[in-house]
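The values are calculated or read from the model by the stated rules, or taken from the named source; none is laboratory data. Keep in mind the model is a prediction, meaning the values are calculated, not measured. Cβ atoms come from the backbone with ideal geometry, glycine included; neighbour counts cover every protein chain shown. Remember, those area values only see protein heavy atoms, side chains included, never the ligands or the DNA or RNA. Shrake-Rupley method; radii C 1.70, N 1.55, O 1.52, S 1.80 Å.
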Amino acid sequence: MKSKILIVDDEKLMRVSLEDKLMKVGYAVTSLSNAVEGLTVLQSENYDAVITDVRLPRMDGIEFLKEIKKVSPDTVVIIMTAYGSIENAVVAMKEGAYDYVTKPFSLEELMIKLQKALKHKDMVAENILLKRQVVSQFGYNNMIGKTDVMKRVFEIINTVSNRDTTVLIQGESGTGKELTAGAIHYTSNRKDGPFVKLSCAALNKEILESELFGHEKGAFTSAIKTRRGRFELADGGTIFLDDVDDIPLEMQVKLLRVLQEREFERVGGEETISINVRVICATKKDLKKLVHEGRFREDLYYRLHVVTIHLPPLRERKEDIPLLATHFMKKYVAQQKVTVHSISLEVFHVLLIYQWPGNIRELENTIEHAMAFCTSGVITPKDLPENFREEETPSGLFSIELSTIDSLDLQETLSEAERKLLVWAYQKTKGNQVRMSEILRIPRTTLQNKLVKYNITKTNILATEQT
């Protein structure tokens, strides 16, 4: 698509020459003799760039520039000014002009500046799009959940987002700790600043210290140049430290100082660097227990433990599974342009009885896998990974050939079916009563009563399997 250029100059020869040159190289050009007409055109049409003279009748170029920025702020403006009137160009740049040329100038010089201006415009537009995509990914509205425990999480995010309070996010792997940190940042007054992430897991002391605080040239053998650390890069924004429990004890002192004083020195450096940064940390471990074991500093624990967000595992918020599964399906439909449009009730049943050791991350991967194998437009159990298909109840468990039977004892038949279900659940879970109650969808106390009623014990199950 051709870039649209508006030329405004009361010198007809200059205006016609510019229009002819720009049209020859492929631009769509409109040329006018005064800024009032130019402003009218800009109010009804979108232009990528305006090239305007400073000295114009009825409205000068500086006033025209100010009006352009009001009606079409994305349009880049190049000012033409006479030699000896550089002060006009300086004023124009302060008012938002991209660049200027002084008359007389060569057309080649103007073309180079115009190309740079249009490239700059495209980069700004791309950055805005990327920012919107990031906000879409991490934004508060992108977090899915209707359970009471998730509503509480949303309330905390809403309360603390615009404060600089340190936040500690606790939860198992895959529960959405990074997503939560992003939601806090991108709904805060720091959203236009950087969001810097670092996983502290599996980094030794030397590497982690350099990653966090940077290093000076020559600080160690491989330090061939000065490098800024993550805290410096996050200045004006937010730093997210995942797996904060993996920070070595001797490094925790330095982190505590940063949290308290917002200053540090690079590795091998003497200059004290001050920063303005919000700190969000995350862990999948019990920090209080680590404190009692002497593996985490108590003073750092209380400095991190200002506001805590507990993210529940997926098995404790199963009401959200249909919402999440549908969300992920729509996400991959949009990304991969596939024709899948729904998830069967049988699949929802399987998803609801599964334990989800990998939490939301595992659920998303499961839906992506199912969509890759789905050929009917509806995700069915056969599209799920192998371990999920094993969750289905064996089809022959209750098979009864009624055509050869004249009568039966209903209560005895139901009791036998109930006993078989209990045995099946026991064998499937290796006797784990919590898991049994989940896959049978009965309270644990009810399960325990039925196990006693049918005398289902480990010894009896082993005896049954051996016969």
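Details
- Some residue of the stretch 385-407 being at pLDDT 80 or above, surrounded by 13 or more Cβ atoms within 10 Å (Cβ to Cβ) and touching a His at 6+ places or on another chain (Cβ under 8 Å): yes
- The stretch 165-198: number of residues that are within 20 Å of Gly236 (Cα to Cα) and small (Gly, Ala, Ser): 5
- Taken together, the residues in the stretch 73-102 that are more than 23 Å from Lys12 (Cα to Cα), surrounded by fewer than 19 Cβ atoms within 10 Å (Cβ to Cβ) and touching a helix residue (DSSP H, G or I) at 6+ places or on another chain (Cβ under 8 Å) amount to 4.
- Among the conditions (1) without any contact (Cβ under 8 Å) to a residue 60 or more places away in the chain; (2) in contact with a helix residue (DSSP H, G or I) (Cβ under 6 Å, 6 or more places away or on another chain); (3) hydroxyl-bearing (Ser, Thr, Tyr), Thr272 misses just one, which is (2).
- Residue in the stretch 57-71 that is modelled with pLDDT of 90 or more, open to solvent by less than 30 Å² (accessible area, probe 1.4 Å), within 18 Å of Ser3 (Cα to Cα) and not in a helix (DSSP H, G or I) present: no
- The stretch 153-180 residues that are farther than 24 Å from Lys288 by Cα and part of a loop (DSSP other than H, G, I, E, B), paired with ones that are at pLDDT below 95 and open to solvent by 20 Å² or more (accessible area, probe 1.4 Å) (beta carbon under 6 Å, 6 or more apart): Ser161/Thr187; Asn162/Asn189
- The residues of the stretch 240-281 that are of a type in the set (Asp, Glu), in a strand (DSSP E or B) and under 25 Å from the mean Cα position of the chain (by Cα) amount to a single one, Asp242.
- When restricted to residues that are outside any loop (DSSP other than H, G, I, E, B) and open to solvent by 20 Å² or more (accessible area, probe 1.4 Å), the stretch 197-219 contains 7.
- Of the criteria (1) modelled with pLDDT of 90 or more; (2) not in a helix (DSSP H, G or I); (3) not polar (S, T, N, Q), which one Met371 fails: (2)
- Given (1) hydrophobic (A, V, I, L, M, F, W, C); (2) under 21 Å from Lys285 (Cα atoms); (3) surrounded by 15 or more Cβ atoms within 10 Å (Cβ to Cβ), index of the condition Leu249 fails: (3)
- Looking at Thr52, Thr40, Thr30, just one residue is surrounded by fewer than 19 Cβ atoms within 10 Å (Cβ to Cβ) and in a strand (DSSP E or B), and that residue is Thr30.
- Test: residue in the stretch 309-330 that is touching a residue at least 60 places away in the same chain (Cβ under 8 Å), out of contact with any Phe, Trp or Tyr (no Cβ under 6 Å at 6 or more places or on another chain), open to solvent by 40 Å² or more (accessible area, probe 1.4 Å) and of a type in the set (Asp, Glu): yes
- Search result, residues across the stretch 220-246 that are open to solvent by 60 Å² or more (accessible area, probe 1.4 Å), touching a helix residue (DSSP H, G or I) at 6+ places or on another chain (Cβ under 8 Å) and not aromatic (Phe, Trp, Tyr): Arg227
- Selected residue (criterion: farthest from Ile78 (Cα to Cα)) from residues of the stretch 94-112 that are part of a loop (DSSP other than H, G, I, E, B) and under 40 Å from the mean Cα position of the chain (by Cα): Glu95
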